[in-house]
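Worksheet: one structure, shown below.
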Amino acid sequence: MKDRFFYPLAGVVIAGIIALAFLPGKRESGPDKAKILMDGYALSGNDLTSLYASGGTDFTFTEGQGGEAAYAVLSSNLPRNMAPASAGVFATLSSDYEGAFAGKKLQITIRAKAAKDSPLEQFEAGYFTSGPGDSGWRAFTLTPKYKDYSFTFTPGTVTGPPGRDYVGIWPGVDGKKKRMLVRSFAIKVVD
């Protein structure tokens, strides 16, 4: 190909590539509001690795063996009143969830049990928003077998752009390193 054809053709191709790069693409987002309202939120199995532990709390992840589901082992090493204010060991819900759940009555369910070694007797759970209107801590007494621990809460309406919500567990307000096992978190709209 002669230079007088090659360079203009190459310039057109390069300009086309650059123009395509600047075109707006499809926005990646989470599930839509209708799907969130129908399905709710669930965290279980290997997704439990996405939990966060704030100061004073700790968690480890254990993969299931022999057909047993995976679970998280939670404990606290500081009394809650001495630790920085936080949601304990928590799951983060994206702004899509905060926008969909705002003003709706929610049922928050945690499937958990006391650990065999150094068992925790009681834990607290809560739902926290980026705006006003957290649920506060709700206390539950653990059993040696897995059980669903639930409470209901209605987050306030969102007045600005939605932020993030959190569902958290404080595994022992005394901070004595006693342990509990958590198999799942679930949130569903009940109204």
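The values are calculated or read from the model by the stated rules, or taken from the named source; none is laboratory data. Predicted model only: the values in this text are computed from it and were never measured. Using ideal geometry, Cβ is built from the backbone for each residue, glycine included, and neighbour counts are taken over all protein chains shown.
Those residues that are crowded, with 21+ Cβ neighbours inside 10 Å and either outside any strand (DSSP E or B) or touching a helix residue (DSSP H, G or I) at 6+ places or on another chain (Cβ under 7 Å) (or both), I need them from segment 144-181; list them, please.
Answer for segment 144-181, where residues must be crowded, with 21+ Cβ neighbours inside 10 Å and either outside any strand (DSSP E or B) or touching a helix residue (DSSP H, G or I) at 6+ places or on another chain (Cβ under 7 Å) (or both): Pro155, Asp165, Trp170, Pro171, Gly172, Lys178.
Kindly list, by first and then second residue, each pair from a residue in segment 155-172 that is among the hydroxyl-bearing types (Ser, Thr, Tyr) to a residue that is in a strand (DSSP E or B), limited to pairs with Cβ atoms under 9 Å and residues at least 6 apart or on different chains.
Hits for this filter: Tyr166/Tyr52; Tyr166/Phe90; Tyr166/Ala91; Tyr166/Thr92; Tyr166/Leu93; Tyr166/Gly126; Tyr166/Tyr127; Tyr166/Phe128.
Please determine, by comparing only the residues of segment 31-53 that are surrounded by 13 or more Cβ atoms within 10 Å (Cβ to Cβ) and of a type in the set (A, V, I, L, M, F, W, C), which one is nearest to Lys176 (Cα to Cα).
Ranking the candidates gives Ala53 first.
Are any of the residues in segment 100-108 of a type in the set (Gly, Ala, Ser), in contact with a helix residue (DSSP H, G or I) (Cβ under 8 Å, 6 or more places away or on another chain) and on the phi < 0 side of the Ramachandran plot?
For segment 100-108, residues of a type in the set (Gly, Ala, Ser), in contact with a helix residue (DSSP H, G or I) (Cβ under 8 Å, 6 or more places away or on another chain) and on the phi < 0 side of the Ramachandran plot: present.
Restricting attention to strands (runs of 3 or more DSSP E) lying wholly within segment 49-130, give those where 3 or more residues are of a type outside the set (Asp, Glu) and over 19 Å from Asp174 (Cα atoms).
Qualifying strands (runs of 3 or more DSSP E): 57-62, 89-93, 106-114.
Does Ala139 fit the bill of being loosely packed, with under 15 Cβ neighbours inside 10 Å, touching a Phe, Trp or Tyr at 6+ places or on another chain (Cβ under 9 Å) and not in a helix (DSSP H, G or I)? Break it down into steps so the answer makes sense when it comes.
Details: loosely packed, with under 15 Cβ neighbours inside 10 Å: yes; touching a Phe, Trp or Tyr at 6+ places or on another chain (Cβ under 9 Å): yes; not in a helix (DSSP H, G or I): yes.
Considered against the rule, which asks whether it is loosely packed, with under 15 Cβ neighbours inside 10 Å, touching a Phe, Trp or Tyr at 6+ places or on another chain (Cβ under 9 Å) and not in a helix (DSSP H, G or I), Ala139 comes out as yes.
Which of the residues spanning segment 54-72 are among the hydrophobic types (A, V, I, L, M, F, W, C) and either touching a Pro at 6+ places or on another chain (Cβ under 7 Å) or crowded, with 18+ Cβ neighbours inside 10 Å (or both)?
Correct list: Phe59, Ala72.
May I ask you to verify whether Ala72 is touching a residue at least 12 places away in the same chain (Cβ under 8 Å), out of contact with any Phe, Trp or Tyr (no Cβ under 7 Å at 6 or more places or on another chain) and of a type in the set (A, V, I, L, M)?
On the way: touching a residue at least 12 places away in the same chain (Cβ under 8 Å): yes; out of contact with any Phe, Trp or Tyr (no Cβ under 7 Å at 6 or more places or on another chain): no; of a type in the set (A, V, I, L, M): yes.
When the stated conditions are applied, Ala72 does not pass them.
Determine which member of the set Ala115, Ala186 is under 18 Å from the mean Cα position of the chain (by Cα) and either surrounded by fewer than 19 Cβ atoms within 10 Å (Cβ to Cβ) or not β-branched (Val, Ile, Thr) (or both). Give the steps one after another, and end with the answer.
Details: Ala115 fails: under 18 Å from the mean Cα position of the chain (by Cα).
Answer to the selection: Ala186.
Given the criteria crowded, with 20+ Cβ neighbours inside 10 Å, in contact (Cβ under 8 Å) with a residue 12 or more places away in the chain, over 18 Å from Lys188 (Cα atoms) and touching a strand residue (DSSP E or B) at 6+ places or on another chain (Cβ under 6 Å), does Phe123 qualify?
yes
Tell me which residues, restricted to segment 14-33, are part of a helix (DSSP H, G or I) and either under 30 Å from Ala112 (Cβ atoms) or modelled with pLDDT under 75 (or both).
Ala15, Gly16, Ala19, Leu20, Ala21, Phe22, Lys33, listed by residue number.
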